[in-house]
Amino acid sequence: MKHGRVAFGRQEEIIFGRPAAEAAAEIAERYDAARVFVMASGTLNRETKVVSDIVAALGPRFAALFDAMPAHTPRGACLAAAAMAREAGADLILTIGGGSVTDGAKAVSLLLANDISDAAGMDALRAPNPVKPPVVRQVSVPTTLSAGEFSALCGVTDERTKAKELFTHPLVIPRAVILDPAATVPTPEWLFLSTGVRAVDHCAEGVASLEGHAYGDAQGTKGLALLASGLARVKADGGDLEARLDCLMGAWLSMGPLASGVPMGASHGIGYVLGARHGVPHGHTSCVMLPAVMEWNRPANRERQALVAEAMGRRDGDAASALAELIEGIGMPRTLAAVGVTEADWSGIADGAMKTPWVPRNPRRIEGPAAVMEILRLAA
């Protein structure tokens, strides 16, 4: 008999369809936060009013702003943000932006709680070392669809090794999330759509996992349906707020499998290496790898893949083709070559992927780097 455990996290509320500034000010008041430390996308802060409107709504509760978090959340930037938050006496962190900013704030909450101010100290945050729980919690306004605001994991890049490392604690999951589709309109189209494919990847690998269960399947398949429809509609009309809200809701649901104990697979594992080592944006890693991984996995999980295909409106069970058509239809890159990765890079990618937490739990067993190379060849 299938068995498992679904552990509900420490997230208290999801507010959707309301202006972010209005909702953020209400939350700060309700949480009695007096020193709100804002972490925002630099481009969003410089080129739009999204951040300034939220800061204005916070009024005297606003403490300081950090807007210098690069892609892939490097350790150095996390340490710099933590130093600013410490100096500001932060009692709440509010993020406005994509996955790198969201993960950066999670790391900051751990750095503050454990009084860490240098890279060497960050090594102590790795499991199985004991970690003090975050006291300064997080509220997130996502402007992309990578969905990190719904997990208790944060991915940080160690600049020394160019490898993505995972830190976790039940209390690093944001206490609240505000899903405002209007806040996503300034997001570059390629970034919004590609991170949407990242959310599709969460759904697809969760539903296709041999460790899947009814709870995760329900959220993953509904998330897929919302994302497949919503992304196509946003591509056709960037001002369609209902489509954007469908995408945000789909991204929320996409974390259902992972949050309920279902592992991701080789698309996520290989994607970590493509991002940390080669600078491929998170969303583009999924655009390139997900159809190839599905094709390679088909002998092991054909029935599970049929659920993925059906959720996307395809009756023949061919999840790889359904995903490839979605990705091509919204104009995203589909090959390793298209994101600047050459065959000369494959060996290093394969070796690195074997060290990630997800490749060992891929539905079709991956015995070693040679099998990863087979998948890379399908994505070439």
Output for Cβ contacts, cut-off 6 Å, separation at least six or different chains, first residue within 12 Å of LEU210 (Cβ to Cβ) in the range 297-321, second crowded, with 16+ Cβ neighbours inside 10 Å and of a type in the set (Gly, Ala, Ser), reads ASN301/ALA208; ARG304/ALA208; GLN305/ALA208; GLN305/ALA319
Picking from LEU290, LEU241, LEU231, the residue that is crowded, with 24+ Cβ neighbours inside 10 Å and more than 30 Å from LYS2 (Cβ to Cβ) would be LEU231
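Residues are listed down the side, and each one gets a yes or a no for (1) in the same structural domain as PRO133 (by TED's automatic domain parsing); (2) at pLDDT 95 or above; (3) under 19 Å from VAL136 (Cα atoms):
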{"position": "ARG18", "(1), (2), (3)": "yes, yes, no"}
{"position": "GLU22", "(1), (2), (3)": "yes, yes, no"}
{"position": "LEU44", "(1), (2), (3)": "yes, yes, no"}
{"position": "ALA81", "(1), (2), (3)": "yes, yes, yes"}
{"position": "SER100", "(1), (2), (3)": "yes, no, yes"}
{"position": "LEU112", "(1), (2), (3)": "yes, yes, yes"}
{"position": "ASP115", "(1), (2), (3)": "yes, yes, yes"}
Worksheet item: Going by the conditions given, is VAL185 surrounded by fewer than 24 Cβ atoms within 10 Å (Cβ to Cβ), on the phi < 0 side of the Ramachandran plot and of a type outside the set (Lys, Arg)?
Response: yes
Given the conditions (1) touching a Phe, Trp or Tyr at 6+ places or on another chain (Cβ under 7 Å); (2) surrounded by 22 or more Cβ atoms within 10 Å (Cβ to Cβ); (3) closer than 30 Å to VAL280 by Cα, every one holds for MET84 apart from (2)
Expected single match for part of a loop (DSSP other than H, G, I, E, B) and either crowded, with 18+ Cβ neighbours inside 10 Å or of a type in the set (A, V, I, L, M, F, W, C) (or both) among ILE366, ILE270 is ILE366
Of the residues in the range 181-215, those that are in contact (Cβ under 8 Å) with a residue 60 or more places away in the chain and of a type in the set (Gly, Ala, Ser) come to ALA182, ALA183, SER194, GLY196, ALA204, ALA208, SER209, GLY212
When the range 306-340 is checked residue by residue, the ones that are buried (at least 16 other Cβ atoms within 10 Å of the Cβ), in a loop (DSSP other than H, G, I, E, B) and more than 22 Å from the chain's Cα centre (by Cα) are ARG314, GLY317, ASP318
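The rows are residues; the columns are (1) over 17 Å from the mean Cα position of the chain (by Cα); (2) within 25 Å of THR161 (Cα to Cα).
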| site | (1), (2) |
| --- | --- |
| VAL38 | yes, no |
| VAL50 | yes, no |
| VAL55 | yes, no |
| GLY59 | yes, no |
| PRO70 | no, yes |
| THR73 | no, yes |
| LEU79 | yes, yes |
| ILE96 | no, no |
Q.
Residues that are crowded, with 24+ Cβ neighbours inside 10 Å and not in a loop (DSSP other than H, G, I, E, B): does the range 158-169 have at least one?
A. no
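The values are calculated or read from the model by the stated rules, or taken from the named source; none is laboratory data. Note that the structure is a prediction, hence the values are computed from the model and not measured. Cβ atoms come from the backbone with ideal geometry, glycine included; neighbour counts cover every protein chain shown.
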